[in-house]
Amino acid sequence: MKIIVSIKQVPDTSGKVAVNPDGTLDRASMQTITNPDDMNALEAALKIKDETGCKVVVVTMGPAPAAGMLREALAMGADEAYIASAREFGGSDTYATSQILAAAINRIGVEKDDIVICGRQAIDGDTAQVGPQIAEKLHLPQITYAADIQKDGDTITVRRMLEDGYMNIKTKTPCLITCIKELNTPRYMSVSGVFEAYSKPLTTYDYEALKDDPLIDKSTIGLSGSPTNILTSFTPPQKGAGVMLEGNDRATCDKLASILLEKHII
Amino acid sequence: MNSNFNSSDIGAFKDVWVFCEQREGKLMPTDFELISKGRDLANELGVNLCGILLGDDVDGIAKELGGYGADKVYVCNHPLLKVYNTDGYAKVICDVIADLKPEAFLIGATNIGRDLGPRCAARLHTGLCADCTHLDIDMVNYKEFLKQASTLPADRIEKLDTAVVLGQKHDVSRDLKMTRPAFGGHLMASIICPRFRPCMATVRPGVMKKNAFDQAKADACEIVHPAFELNESDFQTEVTEVVKAAKKLVDLIGADYIVSVGRGISKDVEGGIKLAEELAAELGGVVGGSRATIDSGWLSADHQVGQTGKTVHPKVYIALGISGAIQHKAGMQDSECIIAVNKNDTAPIFEIADYGICGDLFKVTPMLTEAIRAAKASK
Ligand SMILES: Cc1cc2nc3c(=O)[nH]c(=O)nc-3n(C[C@H](O)[C@H](O)[C@H](O)COP(=O)(O)OP(=O)(O)OC[C@H]3O[C@@H](n4cnc5c(N)ncnc54)[C@H](O)[C@@H]3O)c2cc1C
Ligand SMILES: Cc1cc2nc3c(=O)[nH]c(=O)nc-3n(C[C@H](O)[C@H](O)[C@H](O)COP(=O)(O)OP(=O)(O)OC[C@H]3O[C@@H](n4cnc5c(N)ncnc54)[C@H](O)[C@@H]3O)c2cc1C
């Protein structure tokens, strides 16, 4: 049995985000991190490994430096890592990204008692679409927004969050699950883990390695295989600064209340 | 799914459809928002606007959608569709789409819509734009929107009539232009899906304005039952239980007045929330909060405003002790009037506030409640 965790390297959008004058992102000025939800996905897999001794495999698609993130995952306790990286994969939207990741996961191999785990959403593209799209392409049942995962033999039970409550959903392996941050608290790398990480296998899948998969075709991957196109990107203007009222006493509040009344806001 | 279906045969597709989500036999508020927006888009394209509603015996709720602008509602009834399940819903929707070929397909970006949308788009081999906050067909409207909502120079906006798609010039005037925030709201992007149909979008709840309900239109709305097949064997997952949150959730999205608190209440959390409640009660509104207040366990998650919470545009949004992080602004900056109270005069919230008061919220809030009460009494 193994668990395949799909993890993405992302710019840290929680700090300062620099945007170039032409509306594109100044990625060079930003730190990269492992996508936060994917840390929860990895932790969920490592928990099951702690209980069952199964194998944990991490996979990513991205430029070569993303291998550094995979080493960190190996240091946390993953056993093997794969990076799909090729010029042909660049410019992929979620359809094409999931096509490539599904092909990579096919190459790793999904067996009867395996589980694929993704984060719910990446903090850069922010779409939450890649997980379900991988599931469709691998013909796996999907359960998204997982806040709790229970495994009993080949039966998986997940608490799937809704805005107004939750659902309990049952399925059999193999299946795909997407995780939210409420699921767990990711562990840290251990010193021995960091040491061992460098002797664990990290494999690169280039275009050649994946091209025989039926999912891989010029019309389904990369820019030419992406159904969506970005017409334009831009930054929103700052809303015109309003009025700073003078003082902070009752008179200030009365003034504000009378403005609101005049403008029929209250 | 119809084996002749070809998503790149653009000319074969017509009409705008909205996936109308029901939970426990009740339509969701997003359904009315999307039907209202879909009506505009259908008018601009000169086509019909149709809802598609899945459930068990849900004909009775379908006509209401007509009152907000649907010409027609496709209703798919089946006991296995009573509760949302990815397998059943994706199968029926893809099968019906493959038969009837809508050109655009809108889905509310609820936890259910964001599960269903990508599964269907992958199966249909088409594009899906995530969590949109603005939709346009008409180029004049679209450019006008960009002039207001972007920092793009006018000459760049003027050049957006065509895009380069696979090395060819492509006229975007009949494409749905789907605008969405990414990178945590730091960047906006307009997405098109020029080569495949249906063009699909999930749309953020609470963003599109709902039309006024029109009973005559509801009466005239046509109910159609499209053919579909569904069997137990189509299901790989089973929903064993649906549990509703015990407490009544706060309805931020529908509220005209929201008083939100942030970490600024930390020295007296209960007192701070009470002051906010009193101010909200005076205005006839509700209390919300920044993520800091949710993460600290002071308010439940349904109160959260922002990128990972609710998007709101009330008449008045009052921020008490909230710094104004971009992720918070993403959920409230389109409020009609923003009032901020913060003891730090350089807090970023003041950059978007219409009226700012620099002071201690514990002192200012009760005075503001009193002042508003007095002002209303003088009316
Ligand atoms: C401004 C902007 C807007 C965009 N809008 C759209 C859009 O509306 N529709 C669209 O189809 N594409 C869109 N894209 C393209 C999209 O961001 C990329 O395809 C991206 O590679 C994947 O999408 P995501 O970051 O949203 O991932 P998500 O779908 O949010 O990621 C969910 C999970 O999938 C897994 N995953 C995702 N990417 C990888 C990866 N590279 N390696 C390993 N695991 C991964 C992770 O487990 C992750 O937690 C947009 C891109 C930009 C820059
Ligand atoms: C991926 C991601 C998603 C996020 N999503 C959201 C989201 O949806 N919503 C959200 O809100 N945040 C979100 N955040 C968090 C966001 O970045 C901020 O951390 C958060 O909004 C801060 O909350 P705050 O303003 O209450 O707290 P702080 O930033 O700590 O601000 C507290 C403010 O209170 C003021 N203050 C203190 N005492 C007083 C007093 N007595 N009187 C008056 N003022 C006082 C201070 O001057 C300060 O400005 C997200 C972050 C990430 C990384």
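Here, each number is a calculation from the coordinates, and none is a lab measurement. Keep in mind that what you see is a predicted model, and the values were worked out from it rather than measured. Backbone-built Cβ (ideal geometry, glycine too); neighbour counts: all protein chains shown.
Using the 10 angstrom Cβ neighbour count as an exposure proxy, how do B:Ile137, B:Ile322, B:Ile258 rank, fewest first?
Least to most surrounded, the residues fall as B:Ile137, B:Ile258, B:Ile322.
At what distance in nm do the modelled label points of A:Tyr198 and B:Ala216 sit from each other, each positioned 7 Å from its Cα along Cα→Cβ?
Using points 7 Å along Cα→Cβ, the separation is 7.9 nm.
Residue by residue through B:174-182, how many Cβ atoms from other chains fall within 10 Å of the Cβ on average?
3
Hey, got a sec? Which trypsin sites (Lys or Arg not before Pro) in the stretch A:85-165 land in a DSSP loop and have at most 14 other Cβ atoms within 10 Å?
Within the stretch A:85-165, the qualifying trypsin sites (Lys or Arg not before Pro) (loop, at most 14 other Cβ atoms within 10 Å) are A:Lys112.
Just to verify a number: FRET efficiency for A:Arg187 and A:Asp113, C-beta to C-beta distance, R0 = 25 Å, to 0.05?
0.55
What shape does the stretch A:103-163 take by its C-alpha gyration tensor, where a ≥ b ≥ c are the square roots of the eigenvalues and a/c under 1.5 counts as rounded, a/b above b/c as prolate, and the rest as oblate?
oblate
Where does chain B land at 222 nm, in deg cm²/dmol rounded to the nearest 500, when only DSSP H runs of n ≥ 4 count, each adding -39500 (n - 2.57), divided by all residues?
Helix contribution divided over all residues of chain B: -9500 deg cm²/dmol.
Please sort A:208-215, A:228-235 by packing, taking for each peptide the average over its residues of neighbouring beta carbons within 10 angstrom, highest first.
In descending order of packing, they fall as A:228-235, A:208-215.
Please give every one of the lysines within straight-line cross-link reach of B:Lys26, meaning a C-alpha to C-alpha distance under 18 Å, and leave out same-chain neighbours fewer than 8 residues apart.
B:Lys63, B:Lys82, B:Lys210, B:Lys244, B:Lys248
Could you give the length gained by full extension between A:Gln150 and A:Leu261, i.e. 0.36 nm per residue of separation minus their alpha carbon distance, to one decimal place?
Stretched fully, the A:Gln150-A:Leu261 segment lengthens by 34.4 nm.
Rounded to the nearest 20 Debye, what is the dipole magnitude of the stretch B:1-140 about its Cα centre when Lys and Arg each give +1 and Asp and Glu each give -1 at the C-beta?
240 debye
How many nm is it between the label spots at B:Glu44 and B:Glu144, if each spot is 7 Å from the Cα in line with the beta carbon?
1.1 nm
Regarding the stretch A:30-156, what whole-number volume in Å³ per residue does the convex hull of its Cα atoms give?
111 Å³
For a footprinting-style exposure proxy, rank A:Tyr188, B:Tyr257 by other Cβ within 10 Å, fewest first.
A:Tyr188, B:Tyr257
Nearest 5 is fine: what % of DSSP beta bridges in the protein assembly as shown come out antiparallel, could you say?
35 percent
At a Förster distance of 30 Å, what's the computed FRET efficiency of A:His139 paired with B:Ser300, Cβ-Cβ distance as r, to 0.05?
The value I calculate is 0.20.
Apply the Kirkwood formula to the protein assembly as shown: the hydrodynamic radius equals the inverse of the mean of 1/r over all pairs of different alpha-carbon atoms; give it in Å with one decimal.
25.9 Å
Most exposed first by the Cβ proxy, i.e. fewest other Cβ within 10 Å, how do B:His328, B:His225 rank?
B:His225, B:His328
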